[in-house]
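Participant: Take a look at this one; I'll ask things after.
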Amino acid sequence: MTEAKIQQEIIRYFTNNFGLKHHDKQCLIFSVPNETSSFMELKRKKLTGLLPGVADLIVLIPNVVLFIEVKRPEGIQSEKQKAFETKVSALGFRYEIVRSLKDFQEILAQYKISV
């Protein structure tokens with residue numbers, strides 16, 4: 001399964017269970033689209049704040065910010081992703097690598113966030 005498919009599963013799960021339809025759940029998730037196919041688009045994105053290595057997903061739970069990097073089971077972090085993880089961790093935030101929807105669900109369960 002590709003990283004994009006895993007991320008889509010995570011977004012679908014989160015949106016269906018914790019999205020705007022469920023007002024009693026105070027959670028939010030969003031993606032950080034860092035990929036680009038053209039030099040000009042990359043240049044524009046860098047000028048407006050693109051940061052190479054940023055985690056794929058940001059999850060906001062009351063008083064908690066999670067940075068989620070999505071990887072295939074055999075995937076590894078780039079050096080820029082490792083550097084971002086180091087900075088985020090030093091600031092006191094959680095950075096997690098997930099390789100499946102199940103991994104993501106287990107992280108949410110640590111915060112007592114469940115369906």
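Participant: Let's test the formula: R0 of 22 Å, r as the Cβ-Cβ distance of GLU9 and LYS80. What FRET efficiency results, to the nearest 0.05? Can you show the working numbers first?
Facilitator: Numbers: r = 25 Å, r/R0 = 1.13.
Efficiency for this residue pair is about 0.35.
Participant: Within straight cross-link reach of LYS82, meaning Cα distance under 20 Å, which aspartates and glutamates are found once same-chain residues fewer than 8 apart are removed?
Facilitator: GLU3, GLU35, ASP56, GLU69, GLU74, GLU96, ASP103
Participant: Here's a follow-up. For Cα pairs less than 8 Å apart in space and 6+ apart in sequence, what is the mean separation divided by the residue count of region 1-108, i.e. the relative contact order in percent?
Facilitator: Numbers: 122 pairs, mean separation 28.2, N = 108.
Relative contact order here is 26 percent.
Participant: Can you compute 3J(HN,Hα) from phi for each residue in region 36-52, using the Karplus curve 6.51 cos²θ - 1.76 cosθ + 1.60 with θ = phi - 60°, rounded to whole Hz and x for Gly and Pro?
Facilitator: In residue order, the calculated couplings are 8, 10, 10, 4, 5, 5, 4, 4, 4, 5, 4, 5, 9, x, 4, 10, x Hz.
Participant: Rounded to the nearest 5, what % of the DSSP beta bridges within the chain are antiparallel ones? All intermediate terms of the calculation are to be shown ahead of the outcome.
Facilitator: Numbers: 9 of 14 bridges.
Bridges in the chain that DSSP calls antiparallel: roughly 65 percent.
Participant: Next question. Which of VAL59, VAL70, VAL32 ends up with the largest GNM mean-square fluctuation for the chain, with Cα atoms connected below 10 Å?
Facilitator: Highest fluctuation among the options: VAL32.
Participant: Which net charge results for the neighbourhood of ARG72, defined as the other residues with beta-carbon distances under 13 angstrom from its beta-carbon, given Lys and Arg at +1 and Asp and Glu at -1? Before the final figure, lay out each step's value.
Facilitator: Numbers: positive: LYS5, LYS71, ARG99; negative: GLU3, GLU9, ASP56, GLU69, GLU74, ASP103.
So the surrounding residues net to -3.
Participant: Please return the longest range in the chain lying between exposed loop sites, taking chymotrypsin sites (Phe, Trp or Tyr not before Pro), DSSP loop only, at most 16 other beta-carbon atoms within 10 Å, and leaving the sites out.
Facilitator: Numbers: sites that count: PHE93, TYR111.
In short, 1-92.
Participant: Over region 68-115, what relative contact order in percent results from Cα pairs under 8 Å that are six or more residues apart? Can you show the working numbers first?
Facilitator: Details: 26 pairs, mean separation 22.2, N = 48.
The value is 46 percent.
Participant: For the cross-link pairs LYS45/LYS87; LYS46/LYS102; LYS46/LYS112; LYS43/LYS102; LYS45/LYS112; LYS45/LYS102, which exceed 26 Å when the distance is taken from alpha carbon to alpha carbon? The partial results should precede the final answer.
Facilitator: Details: LYS45/LYS87 21 Å; LYS46/LYS102 33 Å; LYS46/LYS112 37 Å; LYS43/LYS102 36 Å; LYS45/LYS112 36 Å; LYS45/LYS102 32 Å.
Flagged as over cut-off: LYS46/LYS102; LYS46/LYS112; LYS43/LYS102; LYS45/LYS112; LYS45/LYS102.
Each value in this text was obtained by applying a stated rule to the coordinates, not by laboratory testing. Treat the numbers as computed from the prediction; the structure is a model and nothing was measured. A quick note on method: Cβ atoms are made from the backbone with ideal geometry, for glycine too, and the neighbour counts reach across all protein chains shown.
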